Amino acid sequence: MLLVNWEGIELPTFLVFKIAPSKVKEKRVQNDTQRHGSSSTKWNREIRPLQERHNCQIYDDDIEANGDFDSDSE
């Protein structure tokens, strides 16, 4: 998402992806506090390199907590 304040100053770009959270509570807490909700594997292989390359912040949002999770959908 691109944001600009009322003075026209561009704020840092950020992206939010909908994901299913870890089933393990300790892992879920670690993912949220250390990696914006991403698993360690996904963070190291995909998210961190993308953030560095595109100078943005990427967050994973818990789709089950928001009631948007449909297990039948792709």
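Throughout, read-outs are computed from the coordinates displayed, never taken from laboratory work. Keep in mind it's a predicted model, so treat the numbers as computed, not measured. Positions of Cβ are backbone-derived with ideal geometry, glycine not excepted, and every protein chain shown enters the neighbour counts.
For region 14-62, what is the convex hull (Cα atoms) projected area averaged across all directions, in square nanometres?
Its average projected convex-hull area is 3.1 nm².
Enumerate the amide H contacts of Val16 below 5 Å, restricted to partners 5 or more residues apart or on another chain; note that Pro and chain-start residues carry no placed amide H.
Tyr59
Suppose R0 equals 22 Å. What FRET efficiency, 1/(1 + (r/R0)^6) with r the Cβ-Cβ distance, do Tyr59 and Ile9 give to the nearest 0.05? Intermediate results must be reported in sequence, preceding the final value.
Working: r = 22 Å, r/R0 = 0.99.
That gives a FRET efficiency of 0.50.
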